[in-house]
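Participant: First the structure, then my questions, so here it is.
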Amino acid sequence: MAARIDEQIRIAREAELKYRGIFENTTEGIFLTSCEGRFLLANPAIARILGYDAPEELVASVTDISRQLYVNHDDREKIFSKLLAHNGVTECELKFYRKDKQQIWVLLRIRLIRDEKGAPLHLEGLLTDITDRKRAEEALQQAYKSLEQKVAERTAANQQLQEALAEREVLLKEIHHRVKNNLQIIASLLDLQTDAIIDDHTRGYFLESRNRIQAMAMIHEMLYQTNDLVVIDLARYLERLTSSLLPLYVSEGRISLLFELREVAIGLDEAIPCGLIVNELVSNCLKYAFPDGRQGTLKVGLNAADDGMVTLTVEDDGVGLPQVLDFKEVETLGLQLVNLLVKQLWGTIELTGSPGALFKIRFPKHQANL
């Protein structure tokens, strides 16, 4: 019997030493308090967390936990009321005062110990310093709020940009519409003036000027009618332009029009020179390539290579140009204008064909200015 008692005492002492070691060396604060709010027991970790040199100092100094530790004094009463109403562990995050009055965040796990009759005896629990985590959460929350604000500002800026772009689109449409109208008015005035001119040679000058103006007006009309206000479908434009010139010079059915046009989108700065070039070359062809009612074919071609070079061709099977003619040195306004416009496009022009004539213009395609 004595041996068994000694063994039980030895086991109990070993268990006490084991749990004493845990109590003394754990990084979590362990405590025991009275129901009234005084420390009965504290380990070194909770003293260190709360800024005291030793557990004994903490127990002796803190005589009113709710007033001395809780930043919000009512929190302890709420926790105690909850423990009275429900058994088990209550866990909460709170702000505590340290000894130096610095505020820290703590995670409190606490339960109410009762006697065999269910009456409250004392409170025991664990205390963990979570200040660093809470600061990180607050910093993250602040960063999130800042990000939300920046997103809201960016959204507002994008909305303003969209509104500005919409206004710009309306303005550009109105500009193209007005330019087209003004050019058509000029063309109409030239038409009226032409009716009063008796000399065929002089009348031709007016008609050529009218056609050039109409070629530019057609570009602005097409831009006004499309959603893209700065880029034009060159193939569609050249087909429409050439088709409009044919009835001005020849009777129906005498000249056949052929088109070999690949889709090429270019900006206004390139479209206008291209249109004027085609206007001059097609007009010259219709006036001079098929004399005396001769029938024939006029072909307009367009293609864009992978290297960014655009090739524009105007070809006919008419009588052709005199072999001794250097078309780059002619004094006629039309071909002079063609050569100047090709230079404006930073391109080159070649003339071949026998019989007939084939003008080939090559120029680099530039990105439209948006």
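Participant: Among the numbered criteria (1) of a type in the set (K, R); (2) closer than 26 Å to F290 by Cα; (3) loosely packed, with under 15 Cβ neighbours inside 10 Å, which single criterion is violated by R262?
Facilitator: (2)
Participant: Considering only segment 79-120, state which residues are surrounded by 12 or more Cβ atoms within 10 Å (Cβ to Cβ), in a helix (DSSP H, G or I) and either without any contact (Cβ under 8 Å) to a residue 12 or more places away in the chain or among the acidic types (D, E) (or both).
Facilitator: Within segment 79-120, just K82 meets the criteria.
Participant: Considering only segment 340-349, how many residues are in contact (Cβ under 8 Å) with a residue 12 or more places away in the chain and either over 42 Å from the mean Cα position of the chain (by Cα) or part of a helix (DSSP H, G or I) (or both)?
Facilitator: 3
None of the figures in this text is laboratory data; all of them are computed from the coordinates on show. Just so we're clear, the structure is a prediction, and the values are computed from it rather than from any experiment. Because the Cβ atoms are built from the backbone with ideal geometry, glycine has one as well, and the counts that use them run over all protein chains shown.
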